[in-house]
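The values are calculated or read from the model by the stated rules, or taken from the named source; none is laboratory data. Bear in mind that the values here come from a model prediction, so they are computed numbers and not experimental data. Note that we place each Cβ from the backbone using ideal geometry, even for glycine, and neighbour counts take in every protein chain shown.
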Amino acid sequence: MALRIEHVSKSFGSFQALIDVDLEFPQGKFICLLGPSGCGKTTLLRCIAGLEAPTAGRILLDGQDLTHAPAHKRGFGMVFQSLALFPHLTVGENVAYGLKVRGADQAQRRKRAEELLDLVRLKGVIDRPISQLSGGQRQRVAIGRALALDPKLFLLDEPLSALDAKLREAMQIELRLLQQRLGISTIVVTHDQREAMTMSDIVVIMDHGRVQQVASPLDSYRSPSNAFVADFIGISNLVPGTLRGRDTVLVDSRPIRVARLPDGIADGAPVTLSVRPEEVHVRPGRENGENYLAGQVSFVRDLGASVEITVRCGDQEVLAVTNPRDRPAVQIGDPVAVELPAAACVVLPS
Amino acid sequence: MANPGRNLFMALVVLFLAAPLIVVAGVSLNAEKQLLFPPQGLSLAWYGELFLQPDWLNAVKNSLIIAVFSAALAVSIAFPLAYFMWRHRVWYAKALFALGLAPFTLPPVITALGFLVFWVSTGFYGQMIATLVSHAIFFVTLPLVTISLGFESIDRQLIEASQVMGADDRTVFRTVILPLVRPYLISGYAFAFVLSLNEYIVAYMVAGFTVETLPIKIFNSLRYGYTPVMASVAVMFVLVAILVFGLIARFGDLPKLLGAWSSKET
Amino acid sequence: MSAQPASQAVPLPDGAVESRPVAQRLREHLPLIYPALMLGIFFVVPFGIMLAVSFFHRVEGAFFEPAFELANYARFLSAFFGKALVFSLWISGLAAVVVTCVAFPFTYFLTRMRRGSQVRYLVFILAVLSLSEVIIGFSWSTLLSRTAGVSNLLYYVGLLAQPTAWTPSFGALLVGLCYLGFSYAVLVLYPALSRLDPELPEASRMLGASPLRTFFSVVVPVLRNSIVSALIMVFVFNLGAFLLPQVLGRPEHWTLSVLITDQAVFQSNIPFAAAMAVFLMLVCLALVALTLVFGQQRRAV
């Protein structure tokens, strides 16, 4: 089911939660809405679900305008952040709730509940009250309940935030495998970028109500479209500079040659260079060629599996990460040269 | 999500609740000394009468004195009790707490009769102090519940933090507990005050013939000769209540004071 | 936290046993003495006296003299007063049911509103709650009267042949009681309803249930215990109405509270009034105990 979100805005009084969000999702993909708290991702999900009405714009599913359809008529499955399992019903009754609403009889409901509990790998709890389940078990019941009616869209609002770290990582993989098995279009809201990278085909990065970038996880990492994305996805060095010509950025009047340049930035305009720490090389002493900055080591962090070296270059702090084998022989206070390889530099508008 | 059915329902209920108030307000503005609605000829004269006629003024004075002091007395009883119960959850504290809840949850006439018998036996029947003390005990429940809510809302870690910084019991009480509980103390006082102003049966049974409070005067007026001043008194009562609770809402977190956990700003 | 000898501002866990010097224990109990004294002297003692008085003998011209007779209770169980008891329970119960059925959805909608609107409604409800029975009785008797009431409005509009007095009557008393108990019910229901997880009804809607169905399939069952508790509390509250039956009802509609007042003040028969009061109190305590049972049940689940 192709989902189209057409220039959707949403305001609560004077607060603008969503500003001109325009997206199109192909069928069968796993999509993550990613961003910090308050960026509007949950509001967007709730608009898609029908729990909020957009102030402007339309939402269409396979060309059909859903914008003003009430939530209970949309046929989507949703897992809530608090899970929202009905405390007065057993596990089986929770899972089969949607079927009961549709008028299925007792035998049909029981059968389907068993099928779904099997799907989410929960055995033997069908008649238990919710209060007796662990956090991970409740999570699965919530997923099973949402999938009971073969929904066209599967929506999840920070579904794993209540789980402990180890369980969360296991569930991320399970969710992904489940989605692939069922082929169902899935939208997950999360603030955890690792989670987004693990599970999704497409990541929608949002901030302050606007979409910042739509890309595959790897593309968003390698080619962030602006400084916010560069900083939000993984860690990045953000070095201010000035564009000179079509292939060089001046940082503190040192030339840094770059391989790619986005369109629309004028010569002489201020830009930000984004370089991932693992691409930065630190060499002892001074180098005077292109793509080198001069600096002094301010901190060295030996983490066992990796080494992090922080170098102060003028007003900037640049972070370099290497593995122990390639570690340069430097300590705090040493003068060093920091290489920013052309291929690793991403130029972003300031 | 706008829902016309729901809005209509809410509007009807509000209309039902407001209807008598509207009527009373209209009656209070009637120029003639008659019970007429809609009012024929508008006049604010009856509001003036309230403060000019000596017997009404006397009733106002009585009501105010009793309300101010009985509410204070009620809070003075409720506060240490709630504090103790919060600190030491022992059975006798809980029993005393239940005793504190009893006056208000029972039908008022029972409490009123109990007080009547008591004051007759002790010889204070008919005196203002009897009304004052009776009101204080009768209205202990509301401050007790409110202040307990207030104590429960205190984050224990705040106390622990202040202790770690060297505060002793008295300082912790003065600098941490008291400021946090203060809004609940104030709203507890306000509830007791407003309710005392409006209370009839206890005041009537205990000293009704000698100490005439406003509600008693209204009821007597109802029985023995109508005057629209009654209606203007009723309107004043409503305005005072709205003022008091409006102030609490303005300066405090009313939903939280009434038991909601978190106030969501949407 | 390691043991702090003399001062502990942190509450002790239930049942914690610690040996502390007697003098210190006594000092800690200081806050409790004043409330205990006040409640003891001014609440327990009056009730004790009332209980005793209910067995006393009524004396003409004076209040009462000490005795022990069950005549008061026996008289209470006579036809007249028995009927008043039954009527009191019947109308209080009926009004409680009506009020709870309307107040529950009202309070539910109230708790779903934005904060600003909620506060305005709450101030209004609190103002209505603080109205004394006198004012409510006066207002409704005006509203239902022939000269100044609603029937005038309907007469002007043409729906009624002539203005009529709808009070005093059973209906008028019922309406008055409903009015009296409504704001109380809202405040009793408010804490539980505002703590209801808003995602529960949303989950139900996502699973295909209309808002109406969601209300009856999810909201009501989950809050069942609160509803029953509120109903009982309004019931007890209604039993306490002493003025409305006199203002809005005929003598056959007078409830126990009215009769107690009447006997105590106008018939000067305090022992009898005390007996009825004791009985009424027992009924109410039984009902309140029921509320607590329901409250416990919820926690057990």
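Whether any residue in segment B:65-76 is under 19 Å from the mean Cα position of the chain (by Cα), hydroxyl-bearing (S, T, Y), farther than 19 Å from C:S139 by Cβ and modelled with pLDDT of 80 or more is what I want to check. Yes, the conditions are met somewhere in segment B:65-76.
For (1) of a type in the set (K, R); (2) modelled with pLDDT of 85 or more; (3) surrounded by 24 or more Cβ atoms within 10 Å (Cβ to Cβ), each residue gets a yes or a no:
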| site | (1), (2), (3) |
| --- | --- |
| B:D169 | no, no, no |
| B:L197 | no, yes, yes |
| B:V202 | no, yes, yes |
| B:T210 | no, yes, no |
| B:R223 | yes, no, no |
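Taking (1) part of a helix (DSSP H, G or I); (2) under 26 Å from the mean Cα position of the chain (by Cα) in turn, B:V172 satisfies each apart from (2).
Among the residues of segment B:40-49, some residue qualifies, meaning at least one is more than 12 Å from chain C (Cβ to nearest Cβ), exposed (fewer than 15 other Cβ atoms within 10 Å of the Cβ) and either modelled with pLDDT of 80 or more or part of a helix (DSSP H, G or I) (or both).
Whether a residue is part of a helix (DSSP H, G or I), among the aliphatic types (A, V, I, L, M) and in contact with an Asp or Glu (Cβ under 9 Å, 6 or more places away or on another chain) was assessed, and B:L180 passes this test.
Filtering A:S274, A:S306 for residues that are of a type in the set (S, T, Y) and farther than 16 Å from A:P240 by Cβ leaves a single hit, A:S306. Of all the criteria given as (1) farther than 22 Å from B:F139 by Cα; (2) under 20 Å from the mean Cα position of the chain (by Cα); (3) without any contact (Cβ under 8 Å) to a residue 12 or more places away in the chain, the one not satisfied by B:V235 is (3). Within segment C:42-57, residues that are more than 7 Å from chain B (Cβ to nearest Cβ) sit with their Cβ atoms under 7 Å from residues that are among the small types (G, A, S) and in a helix (DSSP H, G or I), at 6+ positions apart or across chains, in these pairs: C:S54/C:A274; C:S54/C:A275. A single entry from C:A230, C:A209, C:A203 fulfils the requirement of being more than 11 Å from chain B (Cβ to nearest Cβ) and not in a helix (DSSP H, G or I): C:A209.
Could we say that A:D118 is surrounded by fewer than 18 Cβ atoms within 10 Å (Cβ to Cβ), part of a loop (DSSP other than H, G, I, E, B), at pLDDT below 95 and acidic (D, E) here?
Values: surrounded by fewer than 18 Cβ atoms within 10 Å (Cβ to Cβ): yes; part of a loop (DSSP other than H, G, I, E, B): no; at pLDDT below 95: yes; acidic (D, E): yes.
Taking the combined requirement at face value, the residue does not satisfy it.
Within segment B:118-155, if we keep just the residues that are aromatic (F, W, Y) and without any contact (Cβ under 8 Å) to a residue 12 or more places away in the chain, the residue that is surrounded by the most Cβ atoms within 10 Å (Cβ to Cβ) turns out to be B:F118.
Just one of the listed residues (B:F115, B:F84) is touching a residue at least 60 places away in the same chain (Cβ under 8 Å), facing another protein chain (nearest Cβ under 7 Å) and buried (at least 23 other Cβ atoms within 10 Å of the Cβ), namely B:F115. Pairs linking a residue in segment C:95-119 that is within 7 Å of chain B (Cβ to nearest Cβ) to a residue that is among the β-branched types (V, I, T), with Cβ atoms under 6 Å and 6 or more positions apart or on different chains, are C:F106/B:V13; C:R114/B:T266.
Considering segment B:87-107, and only residues there that are surrounded by 24 or more Cβ atoms within 10 Å (Cβ to Cβ) and in a helix (DSSP H, G or I), the residue that is farthest from the chain's Cα centre (by Cα) turns out to be B:G100. For first residues located in segment A:305-331 and more than 16 Å from A:R276 (Cα to Cα) and in the same structural domain as A:V282 (by TED's automatic domain parsing), partners that are polar (S, T, N, Q) and part of a loop (DSSP other than H, G, I, E, B) and lie 6+ apart or on another chain with Cβ distances below 9 Å form the pairs A:A305/A:N323; A:P324/A:S306. Scoring A:F228 on the criteria (1) crowded, with 16+ Cβ neighbours inside 10 Å; (2) out of contact with any strand residue (DSSP E or B) (no Cβ under 8 Å at 6 or more places or on another chain); (3) modelled with pLDDT of 90 or more leaves a single failure, condition (2). Please pick out the residue among A:Q213, A:Q193, A:Q180 that is surrounded by 15 or more Cβ atoms within 10 Å (Cβ to Cβ), under 30 Å from A:Q137 (Cβ atoms) and polar (S, T, N, Q). Sole residue among the options that is surrounded by 15 or more Cβ atoms within 10 Å (Cβ to Cβ), under 30 Å from A:Q137 (Cβ atoms) and polar (S, T, N, Q): A:Q193. For a quick check of your reading of the model, give me the residue pairs whose first member lies in segment A:124-137 and is at pLDDT 90 or above, whose second is among the aromatic types (F, W, Y), with beta-carbon atoms closer than 8 Å and at least 6 apart or on different chains. Matching pairs, first to second residue: A:I130/A:F86.
What are the residues in segment C:185-210 that are surrounded by fewer than 17 Cβ atoms within 10 Å (Cβ to Cβ) and either in contact with a helix residue (DSSP H, G or I) (Cβ under 6 Å, 6 or more places away or on another chain) or under 17 Å from A:A69 (Cβ atoms) (or both), if any? Correct list: C:S210 only. Report whether or not C:A241 is part of a loop (DSSP other than H, G, I, E, B), of a type in the set (G, A, S) and touching a residue at least 40 places away in the same chain (Cβ under 8 Å). Yes.
When residues in segment A:252-281 are screened for being in contact with a Ser or Thr (Cβ under 8 Å, 6 or more places away or on another chain) and either without any contact (Cβ under 8 Å) to a residue 60 or more places away in the chain or at positive phi (or both), 4 of them pass. When A:L89 is tested against the conditions (1) within 9 Å of another protein chain (Cβ to nearest Cβ); (2) surrounded by fewer than 24 Cβ atoms within 10 Å (Cβ to Cβ); (3) hydrophobic (A, V, I, L, M, F, W, C); (4) within 23 Å of A:L178 (Cα to Cα), the lone failure is (4).
With respect to A:K123, is the statement that it is touching a helix residue (DSSP H, G or I) at 6+ places or on another chain (Cβ under 8 Å) and either of a type outside the set (A, V, I, L, M, F, W, C) or buried (at least 21 other Cβ atoms within 10 Å of the Cβ) (or both) true?
Yes, satisfied.
The test for being surrounded by fewer than 23 Cβ atoms within 10 Å (Cβ to Cβ) and over 18 Å from the mean Cα position of the chain (by Cα) holds for C:G116.
Check whether at least one residue in segment A:276-286 is over 17 Å from A:P341 (Cα atoms), assigned by TED's automatic domain parsing to the domain that holds A:V311 and more than 31 Å from the chain's Cα centre (by Cα), and report yes or no. Within segment A:276-286, one or more residues are over 17 Å from A:P341 (Cα atoms), assigned by TED's automatic domain parsing to the domain that holds A:V311 and more than 31 Å from the chain's Cα centre (by Cα). Note on segment C:255-276: among residues that are assigned to a helix (DSSP H, G or I) and of a type in the set (V, I, T), the one that is farthest from B:V206 (Cα to Cα) is C:V258.
Can we say A:G234 is more than 20 Å from the chain's Cα centre (by Cα) and at pLDDT below 90?
No, not satisfied.
Evaluate the following for B:A25: is it under 18 Å from the mean Cα position of the chain (by Cα) and either under 20 Å from B:P215 (Cα atoms) or modelled with pLDDT under 80 (or both)? Criteria not met by B:A25.
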